[in-house]
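Report on one structure; see the data block that follows.
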Amino acid sequence: MIKNIIFDIGNVLASFRPKAVLEEMGLEEAEVNAILSATVRGPYWRELDRGVMEEADVIAAMRECVPHPYLADFDHFFAEETGKIVQSFPYAADWLKDLKERGYRVYLLSNYPARLFEIHSQHFTFLRYTDGKIVSGYVKCIKPDERIYRCLLETYSLNPQECVFLDDLAENVEGAERLGIHGIWFRGYEDASVKLEKVLAKTE
């Protein structure tokens, strides 16, 4: 029987929109792509998520990958715009509220830089409907490393067979499934909500 529903945040409960933010800065396509390649599409963003390296060191490593003409905009993006790169989806709070009212416990398990989580979470209205969370930047490991799933299970004394996990990355879902957690690859709210209801019905 499923008692616990675990959600990723980015692109599940909230949109991850760095490209849109760079475009809103008025940057041309070539510059947008160059900055994205150095940041969220590059190898260093996962280090922000992991939280082991100092954030300033990670940003400096990213900066070295940015063409010189774009450095001022890169600096502005990190200094002034990163607070805008995540926005809650309109359905998120109501979805979690409904699940809570039906008696399920709701948890978050997210790869997320600690500083950005502190900024963005102030606007996450869905947080009030959660029973706990594990955020990678605080625990210093990222999905699909099995340690982060175990951290959630052990922190909240959860039985993996009583849990279902939704994530937009298949590899993260597979990581959960290796520990016996039911997994749903999130590919949109309507699809995922139907799949979740099927899992809940099967395990009643």
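The values are calculated or read from the model by the stated rules, or taken from the named source; none is laboratory data. Source: prediction; values computed, not measured. Every residue, glycine as well, gets a Cβ built from its backbone with ideal geometry; the counts of neighbours run over all protein chains shown. Note: areas computed on protein heavy atoms with side chains; ligands, DNA, RNA excluded. Shrake-Rupley method; radii C 1.70, N 1.55, O 1.52, S 1.80 Å.
Values computed for the structure shown
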{"read-out": "Per residue accessible area of the stretch 1-151, 1.4 Å probe, in Å²", "value": "47"}
{"read-out": "Dipole moment magnitude, nearest 20 debye, the stretch 51-132 about Cα centre, only Lys, Arg, Asp, Glu C-beta charged", "value": "540"}
{"read-out": "Translational diffusion coefficient (Stokes-Einstein; Kirkwood radius from C-alpha pairs) of the stretch 115-204 at 25 °C, 0.890 mPa s, in µm²/s", "value": "172"}
{"read-out": "Mean projected area (nm²) of the alpha-carbon convex hull when the chain is viewed from all directions", "value": "11.1"}
{"read-out": "³J(HN,Hα), Karplus 6.51/-1.76/1.60, whole Hz, each residue of the stretch 125-135, x for Gly, Pro", "value": "5, 6, 4, 5, 9, 10, 9, x, 7, 10, 10"}
{"read-out": "Rounded accessible area of Arg41 (nearest 10 Å², 1.4 Å probe)", "value": "140"}
{"read-out": "Stokes-Einstein D in µm²/s, Kirkwood radius over Cα pairs - the stretch 65-144 at 10 °C with 1.306 mPa s viscosity", "value": "108"}
{"read-out": "Contour minus Cα-Cα distance for Tyr138 and Ala114 (0.36 nm per residue)", "value": "8.0 nm"}
{"read-out": "Virtual spin-label span in nm between Lys100 and Met1, 7 Å along Cα→Cβ", "value": "2.2"}
{"read-out": "Cβ-Cβ FRET estimate between Lys198 and His76, R0 fixed at 41 Å, reported to 0.05", "value": "0.35"}
{"read-out": "0 to 90° range, to nearest 10: angle between helix 146-155 axis and the chain longest Cα axis", "value": "50"}
{"read-out": "Out-of-range pairs (alpha-carbon distance over 19 Å; input Lys3/Lys143; Lys100/Lys143; Lys133/Lys202; Lys100/Lys133; Lys19/Lys84; Lys133/Lys198)", "value": "Lys3/Lys143; Lys100/Lys143; Lys133/Lys202; Lys133/Lys198"}
